[in-house]
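S.K.: Below you will find the structure I want to go over with you.
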Amino acid sequence: MALELVNKTTATSVSSLDVENVFTADYDIYFVNVQTDMDAAGYFEIRLLQTDDTLANESKYDVMSFDLKSDAASSDYRFQDQNGGVGWRGIGGYLDDGDGYGFTGYIINPYASKYTFGLAQSASNNNAVLNGNKFIGVYKSTQSIRGMRVTNSSGTSMNYINVTTYGVKKD
């Protein structure tokens, strides 16, 4: 398995970042790395972009996010037929203050006429509390997806955000 750089999109002082025209027929699986610094509490969210770069807003997002905390019991966030205005909420876990925080994951079958899947994991240190997160999601539509919007549930500005996308080369 080899990774090929497809796109790197960066921004400062934004509440969301659209990564457009990144998914194509060239790859079935994409590896995504997100790095950010945000000052407010919230969940990361990914909302998928259709081939015309409009948001995939149907309530067809299913999510399961599992948080492991060093100071408390584990918790989960799950939702079936999540509102398209929220998308894959919890893909990077919940943060109180995300200085230098990020997550890595895979987006599978976005461009094919199949359901689109997301898998992600992250680790962070929030106020001396160690947190780990595992995420799985599905977008239950067979429409082609060309991109994604990365945002946070608080809607506040992120000091910076870097989204790097790699295609997993087919053997």
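The values are calculated or read from the model by the stated rules, or taken from the named source; none is laboratory data. None of these values were measured; they are calculated from a predicted model. A quick note on method: Cβ atoms are made from the backbone with ideal geometry, for glycine too, and the neighbour counts reach across all protein chains shown. For accessibility, only protein heavy atoms count, side chains too; no ligands or nucleic acids. Shrake-Rupley method; radii C 1.70, N 1.55, O 1.52, S 1.80 Å.
S.K.: Based on this model, can you work out whether residue 26 counts as modelled with pLDDT of 90 or more and farther than 26 Å from residue 157 by Cβ?
M.R.: yes
S.K.: Follow-up question, since we're still on this one. For the range 1-40, give me each residue that is within 22 Å of residue 51 (Cβ to Cβ), surrounded by 13 or more Cβ atoms within 10 Å (Cβ to Cβ) and small (Gly, Ala, Ser).
M.R.: 16
S.K.: If a residue must be surrounded by fewer than 20 Cβ atoms within 10 Å (Cβ to Cβ) and either modelled with pLDDT under 90 or within 18 Å of residue 168 (Cα to Cα) (or both), how many such residues does the range 116-134 contain?
M.R.: Summing the residues that are surrounded by fewer than 20 Cβ atoms within 10 Å (Cβ to Cβ) and either modelled with pLDDT under 90 or within 18 Å of residue 168 (Cα to Cα) (or both) in the range 116-134 gives 11.
S.K.: Can you find, within the range 135-171, the residue that is surrounded by the fewest Cβ atoms within 10 Å (Cβ to Cβ) among those that are of a type in the set (Ser, Thr, Tyr) and outside any strand (DSSP E or B)?
M.R.: If we take residues in the range 135-171 being of a type in the set (Ser, Thr, Tyr) and outside any strand (DSSP E or B), then 142 is surrounded by the fewest Cβ atoms within 10 Å (Cβ to Cβ).
S.K.: Shifting gears a bit: Considering the range 53-80 alone, what residues qualify as being closer than 14 Å to residue 116 by Cβ and open to solvent by less than 60 Å² (accessible area, probe 1.4 Å)?
M.R.: 55, 56, 61, 62, 63
S.K.: For the range 81-107, which positions are modelled with pLDDT under 70, surrounded by fewer than 20 Cβ atoms within 10 Å (Cβ to Cβ) and within 27 Å of residue 141 (Cα to Cα)?
M.R.: Initial filter on the range 81-107 (modelled with pLDDT under 70): 93-100.
Pick out the ones that are also surrounded by fewer than 20 Cβ atoms within 10 Å (Cβ to Cβ) and you get 96-97, 99-100.
Within the range 81-107, no residue meets the criteria.
S.K.: Something else about it: Within the range 1-110, which strands (runs of 3 or more DSSP E) (wholly inside it) include 2 or more residues that are among the β-branched types (Val, Ile, Thr)?
M.R.: Numbers: elements: 3-14, 16-19, 29-38, 42-50, 61-69, 75-82, 88-95, 98-108.
Of the strands (runs of 3 or more DSSP E) lying wholly inside the range 1-110, those with at least 2 residues that are among the β-branched types (Val, Ile, Thr) span 3-14, 29-38, 98-108.
S.K.: Restricting the search to the range 97-119, which residues are free of Cβ contacts under 8 Å to residues at least 60 places away in the same chain and of a type outside the set (Ser, Thr, Tyr)?
M.R.: If the condition is that a residue be free of Cβ contacts under 8 Å to residues at least 60 places away in the same chain and of a type outside the set (Ser, Thr, Tyr), then 97, 114, 117, 119 are the ones that fit.
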